[in-house]
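What follows is a single structure, written as structure tokens, with notes after it.
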Amino acid sequence: MYLKRVELKNFRNYSSLKISFNKGINIIYGNNAQGKTNLLESIYVLALTNTFRNVYDTDLIMKDRKFFNIKGILKNSKLDTTLNISYDNIKKRMILDDSEITKVSSYISVMNTILFTPDDLDIIKGPPLVRRKFLNTELSQLYSNYYILLSEYEKILKMRNDYIKSGALDINYYDIITSFLIEKDILIFKIRKKFIERINNYASEIFKNITGLSGFKIVYKPNLDYSEYDYDKNKILEVFKDKYDSEYKFLSTFYGVHKDDFEFYLGDFNLKLYGSQGQMRISVLTLKLSEIEIFKKWKNSTPILLLDDVFSEIDEIKNNNLLNYLSRDLQVIITAVSLNSFNKDILSKAKIFRIEYGKIKLDRLNREVKDDRRTL
Ligand SMILES: Nc1ncnc2c1ncn2[C@@H]1O[C@H](COP(=O)(O)OP(=O)(O)OP(=O)(O)O)[C@@H](O)[C@H]1O
Ligand SMILES: [Mg+2]
């Protein structure tokens with residue numbers, strides 16, 4: 001799939017913007033604080049309804065305005081879909097073609113994006129919560145059922161925690177609510193396990209393509225490995241029961257996928273502990289590039305890749321390897337402070353935009369290319 005066009009109204013520092021993208025590589029460059037990340041953010045919100053930045057929806061509305069609107073035209077296997085999302089400080093509205101959508105899960109599975117931002121280094125460096133959030137966001141795009149499953153899990157988990165905190169001690173009820181939790185636990189575990197296995201089918205090759213180094217892998221660290229109990233709910237219930245006493249002491253649920261984690265390895269080295277800054281960056285990028293292959297297989301469509309300022313801290317050789325890897329049948333929207341990181345070959349293929357204070361112009365380099373890339 002690819003994004004043909006985006007129109008913004010009152011989003012961040014854009015009062016009004018209309019922009020048409022190329023099917024392949026698009027480069028948006030400009031100085032700091034001009035709106036590069038904001039533009040990628042608008043595309044992300046269009047796809048997923050929420051921002052990746054840690055802010056309230058209100059912050060997305062241009063200062064002193066009352067609403068924002070993002071419209072996008074998505075091309076997928078010859079069909080155009082129009083997505084529209086708006087927010088007026090009260091209600092978020094999602095529209096697909098001409099129909100208003102009320103279920104977030106139905107909306108977010110339509111347009112698939114994969115985003116890389118400098119903050120994604122937290123996926124390797126940050127606490128487990130960040131990695132679980134990553135798994136949840138990605139899997140919700142891949143499967144609309146996952147989003148529903150996760151909401152159900154969280155509801156049961158909250159009920160169970162509330163029950164523990166209430167101090168009530170009806171063992172039968174405790175067993176029942178635990179069994180409900182285990183049922184969802186197993187399903188989420190299976191999906192996450194399969195996802196990480198699939199990532200590993202591609203990750204080592206991609207990491208090698210970029211860095212020349214072999215042995216990259218991602219290791220799932222589930223809080224409880226349900227496969228060891230043959231997914232037998234009774235056996236697993238016994239394991240949970242062993243911790244009932246300590247749950248009453250610590251007032252929270254001891255086992256479950258809400259405590260899962262995963263790690264990055266190069267051979268035997270845990271990259272969180274031993275990786276260089278550039279290696280960590282490429283590790284997270286590898287994770288995201290592997291996902292593209294999974295989207296292709298599971299959803300039969302290629303997601304749109306959004307790369308925010310990806311080239312800092314990566315040396316020229318790896319940069320070029322990465323760019324070569326990206327020059328395939330894939331829409332990529334890349335932001336950068338300058339065009340220095342791009343070689344001639346990429347520049348001749350890309351549609352290039354220059355950005356200044358929320359205004360975007362086609363770069364003069366495009367004139368040298370004879371095709372339809374001249375229109376904004
Ligand atoms: N709600 C808003 N209304 C108006 N302007 C906003 C709003 N939110 C952010 N901005 C402005 O957007 C600009 C930052 O944009 P953005 O983060 O996209 O910059 P950038 O081009 O990615 O910069 P860098 O290269 O430093 O990452 C700032 O000038 C900020 O004041
Ligand atoms: Mg930025």
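The values are calculated or read from the model by the stated rules, or taken from the named source; none is laboratory data. A quick note: this is a predicted structure, and the numbers were derived from the prediction, not measured. As a convention, Cβ positions derive from the backbone with ideal geometry for all residues, glycine included, and neighbour counts pool all protein chains shown.
Computed values, structure above
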quantity: Residue count for the range 12-44, restricted to those that are under 17 Å from residue 366 (Cβ atoms) and over 21 Å from the mean Cα position of the chain (by Cα); calculated: 6
quantity: Given (1) touching a helix residue (DSSP H, G or I) at 6+ places or on another chain (Cβ under 7 Å); (2) buried (at least 21 other Cβ atoms within 10 Å of the Cβ), index of the condition residue 307 fails; calculated: (1)
quantity: Of residues in the range 245-271 being over 21 Å from the mean Cα position of the chain (by Cα) and aliphatic (A, V, I, L, M), the one surrounded by the fewest Cβ atoms within 10 Å (Cβ to Cβ); calculated: 251
quantity: Sole residue being in contact with a Lys or Arg (Cβ under 8 Å, 6 or more places away or on another chain) and polar (S, T, N, Q), chosen from 86, 106; calculated: 86
quantity: Residue match in the range 32-46 (condition: modelled with pLDDT of 95 or more and away from ligand 2 (no atom under 16 Å from the Cβ)); calculated: yes
quantity: Yes/no for residue 338 being within 16 Å of ligand 1 (Cβ to nearest atom) and in contact (Cβ under 8 Å) with a residue 24 or more places away in the chain; calculated: yes
quantity: Lone unmet requirement of (1) closer than 26 Å to residue 108 by Cα; (2) assigned by TED's automatic domain parsing to the domain that holds residue 75; (3) without any contact (Cβ under 8 Å) to a residue 24 or more places away in the chain for residue 319; calculated: (1)
quantity: The range 226-243 residues that are part of a helix (DSSP H, G or I), paired with ones that are exposed (fewer than 15 other Cβ atoms within 10 Å of the Cβ) and among the basic types (Lys, Arg) (beta carbon under 8 Å, 6 or more apart); calculated: 226/190; 229/235
quantity: Selection status of residue 90, more than 16 Å from ligand 2 (Cβ to nearest atom), without any contact (Cβ under 8 Å) to a residue 40 or more places away in the chain, outside any strand (DSSP E or B) and among the hydrophobic types (A, V, I, L, M, F, W, C); calculated: yes
quantity: Residue check for residue 147: in a helix (DSSP H, G or I), within 14 Å of residue 244 (Cα to Cα) and in the same structural domain as residue 258 (by TED's automatic domain parsing); calculated: no
quantity: Residue ID - farthest from ligand 1 (Cβ to nearest atom), chosen from residues in the range 267-293 that are among the acidic types (Asp, Glu) and out of contact with any strand residue (DSSP E or B) (no Cβ under 9 Å at 6 or more places or on another chain); calculated: 268
quantity: Residue count for the range 54-81, restricted to those that are assigned to a loop (DSSP other than H, G, I, E, B) and surrounded by 14 or more Cβ atoms within 10 Å (Cβ to Cβ); calculated: 2
quantity: Filter result (within 14 Å of ligand 2 (Cβ to nearest atom) and part of a loop (DSSP other than H, G, I, E, B)) within the range 9-31; calculated: 12, 13, 30, 31
quantity: Residues of the range 316-335 satisfying the condition of being part of a strand (DSSP E or B), polar (S, T, N, Q) and away from ligand 1 (no atom under 16 Å from the Cβ); calculated: none
quantity: Test: residue in the range 345-363 that is among the basic types (Lys, Arg), under 25 Å from the mean Cα position of the chain (by Cα), surrounded by 15 or more Cβ atoms within 10 Å (Cβ to Cβ) and farther than 30 Å from residue 236 by Cα; calculated: yes
quantity: Residue satisfying condition, being more than 16 Å from ligand 2 (Cβ to nearest atom), surrounded by fewer than 19 Cβ atoms within 10 Å (Cβ to Cβ), in contact (Cβ under 8 Å) with a residue 24 or more places away in the chain and of a type outside the set (A, V, I, L, M), within set 99, 106; calculated: 106
quantity: Candidate set: the range 93-121, residues that are within 16 Å of ligand 1 (Cβ to nearest atom) and part of a helix (DSSP H, G or I); chosen: the one nearest to residue 288 (Cα to Cα); calculated: 120
quantity: Restricting the range 294-315 to residues that are assigned to a helix (DSSP H, G or I) and aromatic (Phe, Trp, Tyr), the residue that is nearest to ligand 1 (Cβ to nearest atom); calculated: 295
quantity: Single residue of 10, 32 found to be in contact (Cβ under 8 Å) with a residue 24 or more places away in the chain, within 12 Å of ligand 1 (Cβ to nearest atom), assigned by TED's automatic domain parsing to the domain that holds residue 329 and surrounded by 20 or more Cβ atoms within 10 Å (Cβ to Cβ); calculated: 10
